[in-house]
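Where a number appears in this text, it was derived from the coordinates with a stated rule and is not lab data. Because the structure is predicted, anything quoted here is derived from the model rather than measured. Counting neighbours? That spans all protein chains shown, and the Cβs are built from the backbone with ideal geometry, glycine included.
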Amino acid sequence: MSNLVKRQSRQLKKRRPFGLVLVILAWSLVMGWLFASATSVYSATPTSEIGTVDVIPAQYDLGQELYIENCSKCHIALPPQVLPIQTWKNLLEDSQHYGVQLQPLVDPPRILVWRYLSTFSRTQLKDEETPYRVNKSRFFKALHPKVDLPRPVQISGCVSCHPGAEQYNFRRLASEWENSN
């Protein structure tokens, strides 16, 4: 009987690595599929329905809504991507807004707007001057590489190239820009 036990023991040792590899492979495939389905926002949302520059998770919807509501009272609300995070921080903290005295946002709306802006804005280089005008922002320039921008750049001028800008839709372009590369 001891030979039988030894033989079965050897067979189990040979099967264990194969079985373990098979289990790890199956687990990896399932996890990969789950991660892919959880993060595939772009495939689930048609481009025509996205509206803004980036798709945002639902947890930032209220912050975006408050941002648009407050800023579009006076001008077109710009996507956070066109200015660095430091610009947005300064604009939220300062009651002087481009020569106009504003009633500053108070908490909790201020916190919600800040979370939205800080999450979707870009970082500023250490030695970079904080831009307060879009034409001074390297991000704005990078997003408009072949555009001969008017001087001075006015936020109200966004509508000439982005007809949906007043509805916070910067994806839709005027016909002359649709197929430009």
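Database remark: amide H of His97 closer than 5 angstrom to the amide H of Leu102 (H placed geometrically; neighbours at sequence offset of 5 or more, or on other chains; Pro and chain starts carry no H).
Structural descriptor for region 49-178: relative contact order 34 percent, calculated from alpha carbon pairs under 8 angstrom and at least 6 residues apart.
The trypsin sites (Lys or Arg not before Pro) of region 65-140 meeting both criteria, a DSSP state outside H, G, I, E and B (loop) and at most 11 other C-beta atoms within 10 angstrom of the site's C-beta, are Lys73, Lys126.
Annotation for region 109-181: chymotrypsin sites (Phe, Trp or Tyr not before Pro) lying in DSSP loop with at most 15 further Cβ atoms inside 10 Å of their Cβ are Tyr132.
Remark on Arg122: its backbone amide H falls under 5 Å from those of Leu83, Ile85, a criterion applied only to residues 5 or more positions apart or on other chains, H modelled at 1.01 Å from N. May I have the count of lysine pairs in region 49-178 with C-alpha atoms under 22 Å apart, counting pairs 8 or more residues apart or located on different chains? Here the count comes out as 7. Sequence-ordered 3J(HN,Hα) estimates for region 136-151 from the Karplus curve with 6.51, -1.76 and 1.60 and θ = phi - 60° stand at 9, 8, 5, 6, 4, 5, 5, 7, 10, x, 10, 9, 7, 6, x, 10 Hz, glycine and proline given as x. For region 56-112, the list of chymotrypsin sites (Phe, Trp or Tyr not before Pro) that fall in a loop by DSSP and count at most 15 other C-beta atoms within 10 angstrom reads Tyr98. The HN-Hα couplings worked out from phi for region 120-134 by the Karplus form 6.51 cos²θ - 1.76 cosθ + 1.60 (θ = phi - 60°) are 9, 8, 10, 7, 9, 5, 4, 9, 7, 6, 6, x, 10, 10, 4 Hz, whole numbers, x standing for Gly and Pro.
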